[in-house]
Amino acid sequence: MELAPAERSRIGNGGMIDNPDQTDRLIARIKATLPLPARLAPELATTLQAQNPTSLIPPTCSITWITYAGDEGGIVCRLDFAQETEEAAFVSITHLRFDPRLPVARDIAAYQKHRVKRLRHQRK
């Protein structure tokens, strides 16, 4: 069996970033635990503060909604800061940190590590 030309070039350029089955299972597990507490990575906190200069962005938040934005965007989360901000914040899960005692923390960390590694590999 031969792959279609588009599939062949996609695989030749590094293949898919995320494993679709594993990602679907992780999303289902996260959705079952929403709202999920998270901490902002320092770079994300700086970016969000710059976008919302009149609001103080706390270092912690709750994930209230998630979706999968495909290989290009990965798992995207809507953040709730328990206060009003100028705009809703939607970020990649790779920019968030989680308490290791959470039931899904290990799976999220594995997803983040795999995704970041694959993205670095694709840039080379």
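Could you please tell me which pairs satisfy a Cβ distance under 7 Å, a separation of 6+ or placement on different chains, a first residue in the range 38-54 that is under 18 Å from T94 (Cβ atoms) and in contact (Cβ under 8 Å) with a residue 24 or more places away in the chain, and a second residue that is surrounded by 15 or more Cβ atoms within 10 Å (Cβ to Cβ) and among the aromatic types (F, W, Y)?
If the second residue must be surrounded by 15 or more Cβ atoms within 10 Å (Cβ to Cβ) and among the aromatic types (F, W, Y), the pairs left are A38/F98.
How about the range 64-79: which of its residues are surrounded by 15 or more Cβ atoms within 10 Å (Cβ to Cβ) and over 17 Å from D24 (Cα atoms)?
Matches in the range 64-79: R78, L79.
Considering only the range 30-73, state which residues are within 23 Å of P103 (Cβ to Cβ), charged (D, E, K, R) and not in a strand (DSSP E or B).
Of everything in the range 30-73, just one residue is within 23 Å of P103 (Cβ to Cβ), charged (D, E, K, R) and not in a strand (DSSP E or B), namely K31.
FYI, it's all coordinate maths here, none of it is from the lab. Everything quoted here is computed from the prediction, not taken from an experiment. Please note: Cβ atoms are built from the backbone with ideal geometry, for glycine as well, and neighbour counts cover all protein chains shown.
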